[in-house]
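The values are calculated or read from the model by the stated rules, or taken from the named source; none is laboratory data. This structure is a prediction, so every number in the text was calculated from the model and none was measured. So basically every Cβ, Gly included, is an ideal-geometry build from the backbone, and we count neighbours across all protein chains shown. Side chains included, ligands, DNA and RNA excluded: accessible areas come from the protein's heavy atoms. Shrake-Rupley method; radii C 1.70, N 1.55, O 1.52, S 1.80 Å.
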Amino acid sequence: MTKSREQMRPQYATALPPIALRYLHVRSLIEISFVILAALAVVLLLLPEAWRGLGAAAVLLSGIVGALVDLPIVNRIIIRNTSYEVVDDLVRIRRGVLVHRDLTISAVQILTVSIVDGPILRRYGLAKVHFTTIAHTDPLGPVTVAEAEALRRRILGDFDTESART
Amino acid sequence: MRGRTALKRLPGRSVVASYLHNFPAVAGLVAVGAFYSVRPETWPGPWALMLVGLLLGIRLIHPLVMWMTMRYLITPDLLLVEHGVWVRRRAAASWDTVAVRELTQPWAYRIFGLSLIDLHVGGESTEGGSFTLSGLNDATAASLVQIGAAAIRSESEPIAPVHDPAPALERAPGDLLYRATARQLLVGGLAQGQVLVAGAAGIYGLVEALETVGLWEFEAYLALGIPLLLAITLLATLIVGMLATLIRFHGFAVWRRGDEFTIRYGVLDRRERVIRSGALVGFRIHRNMIEMLLDRVRVLLLTQDATAGGRTNVALPSLPRGVVSMLLTSMDEGVPSPAILKRRGTRVLGKSLIVVVAIVLLSMTVAVALDTVAAIPRILPLVMAVLTGGLALWSCRFVFTRIAMAGMRVHARQHHIYERHDIVRLPAVHLVSRTTVGASRSQLYRIHYFAGAGRTMIAFCRSPETSNRLTRALAMTAGEVANARIRKGPGLR
């Protein structure tokens, strides 16, 4: 890759923690299970009796294929290709493989920083960080709770006084 | 950061106050429940009792659950609120970002010496930017409002809010920079298309009024013939439109006093806006093909106006290019003169005409190609031609937009069927996102800035250097904005 390409798609200093992969696996399995259950309900309720077995088998097979793609491939790609850093009064986040999205937020312009942890995230000691800005931004994470609080402290707590001294 | 133990619950009596506040609703639900238990045959029967039971349960449980799960922390620097049972959310905001503060005292809360406080960051519509504390001590709530007031909009803030209109409209508010004559306003209105819009609206209103009193019968006027009728309508539209433009912008003038600029215009509804030069976020300079022909441009002054105040950014009428150039230099001395103000309109008209011809040809090609297919409805070629034209016009906005950095400003320039140049000061830029597909060098930029509301510049760019310069400049201005936001409030210990 050329130097200019590297400049265009930088990997930032901090990656998501390895345990985030386990969270994504669990979430994927839950989501796939819900989809399979919903699809099975549709198959059993709407298809003629003769087709139900075949329909149910197709749904289960699709679910298994989905899990085989999601767990070892997609989730790993998400984890490997998400990085972030807070330097020079900027929050920088990079995501994506095929479609690269690079976000630079002026830290002083961030209105609020929220830390959200659902039951699965809590199980692994993880949380997601939501930055409230004048435009919609996707949450960062999952990161460890300590890292989430450190990010919030850095952006909201000490930011002004540090900047004022420099 | 303080641990979770530092977070406080709302006073216990806020639960009692909440129950008291909800009492009328609970009493109503109990009455409905009693009615349905006596007359179960009334529609919807047992479902009503279930619904009433559910609502009663929510009314009874909600205040207690809210009190048990919500915690807050108030420091001189920030507000932190944690809530949620299943999914816990901890939101924090620094005081300098709190733009709207509302303190209310419902009767039930007043009895217990409590207040409700609503805080909104970044205006009223920012997603996730609202905080509600239901049942703070009156003294704490009042201190909290004071902290917020002291922290925001301090004197050192570089982008000051726009002043309210001055009461004395008659005296000259400084040195006169420009005063438009009636002829200039009429030509400007005609070039801008306002004359046609205002005229059409005026004619429509007139016809409606005449029809209501029985003085208008369309069939009678048809006898004049369609061409003559169209000519009369167009002439009447122009006359009414010119009058409307003249009345709206009559006496348009700009004054300067120190770093303040006053813009005054209007006959019936006289308007005056005082703008401090520091309040300017930037400019949007625009000219359509008629304005190119007449060598005029119009300017939208992008200011820090709060949308909550119901005020919009200031749109100046279409003015001669030289006048706009002079006004821009006066209002923002650091702003480099953009290309749109350097080149005569007639010199760039050719490109706009080529784009128009290309779009028309593309639409016609689609229509002709579809017209040869016999199996489709006859209206479809026309519909597809219009859609193609619209899509091509929409695409022009991204394909022909170029962004660049000059000094501490971002410039976005586009030229297709019209020419537009946006100039935005970097301290107003909040975030920048770049999207790239695959190995392509082209990047789609979205630059979000605040000018009364969140606004976005969207453009393609192939130069990685632009990205680096933008990022460096953003980091530099972030420090400046932060320096200007040192809190001055006494704080709440």
task = Would you kindly find the accessible area of A:Glu49, with a 1.4 Å probe and non-protein molecules such as ligands, DNA and RNA excluded, rounding to the nearest 10 Å²?
result = 150 Å²
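Over both sides of the A-B contact, add up the buried accessible area with a 1.4 Å probe and give it to the nearest 100 Å². Can you show the working numbers first?
Numbers: alone 10600 and 27000 Å², together 33070 Å².
For chain A against chain B, roughly 4500 Å² becomes buried.
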message = In Å and on Cα atoms, what radius of gyration and Dmax does the range A:6-143 show?
response = 19.3, 65
task = Would you please state the base-10 log of I(q)/I(0) at q = 0.09, 0.17, 0.19 1/Å for the range B:333-483, with intensities from the Debye formula using one equal scatterer on every alpha carbon?
result = -0.42, -1.03, -1.16
query = Which residues, if any, in the range B:411-431 have at least 30 Å² less accessible area in the whole protein complex than in the isolated chain, probe 1.4 Å?
reply = B:His430, B:Leu431
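Taking a 1.4 Å probe, which of A:Val42, A:Val87 shows the most accessible area, and what order do the others take after it? Could the numbers behind the result be given before it?
On the way: A:Val42 80, A:Val87 60 Å².
Heavy-atom accessible area, descending, gives A:Val42, A:Val87.
Using a 1.4 Å probe on the protein heavy atoms, what percent of the accessible area of the range B:334-471 belongs to carbon and sulfur?
Numbers: 4470 of 6490 Å².
Summing carbon and sulfur atoms, their accessible area is 69 percent of the total for the range B:334-471.
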message = Can you compute the charge dipole magnitude of the range B:340-422 about its Cα centre, using +1 on each Lys and Arg Cβ and -1 on each Asp and Glu Cβ, nothing else charged? Give it in debye, rounded to the nearest 20.
response = 580 debye
request  = Using every pair of alpha-carbon atoms in the range B:4-45, split the distances into 10 Å bins beginning at 0 and state the percent of pairs per bin, rounded to integers.
outcome  = 24, 26, 22, 16, 9, 2
query = Listed highest first by mean packing, meaning other Cβ atoms within 10 Å per residue, what order do A:23-35, B:371-383, B:252-264 come in?
reply = B:252-264, A:23-35, B:371-383
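For B:Arg409, B:Arg13, what's the largest-to-smallest order of accessible area, 1.4 Å probe?
Values: B:Arg409 30, B:Arg13 95 Å².
Largest to smallest exposure gives the sequence B:Arg13, B:Arg409.
By accessible area of protein heavy atoms, probe 1.4 Å, what ranking do A:Asp70, A:Asp102 get, highest first?
On the way: A:Asp70 40, A:Asp102 5 Å².
Descending accessible area places them as A:Asp70, A:Asp102.
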inquiry  = Quick query: amide H of A:Leu90 versus all other amide H atoms, modeled in the peptide plane; which residues come in under 5 Å with a sequence gap of 5 or more or a different chain?
reply    = A:Ala107
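Counting partner chain Cβ atoms within 10 Å of every residue's Cβ in B:80-92, what's the average? Mind showing how you got there, number by number?
Details: counts 7, 2, 2, 0, 3, 0, 2, 6, 8, 7, 10, 8, 11.
Across the residues of B:80-92, the mean count of other-chain Cβ atoms within 10 Å is 5.
Could you provide, to the nearest whole Å², the per residue accessible area of the range A:14-166 with probe 1.4 Å?
On the way: 7400 Å² over 153 residues.
I get 48 Å² per residue for the range A:14-166.
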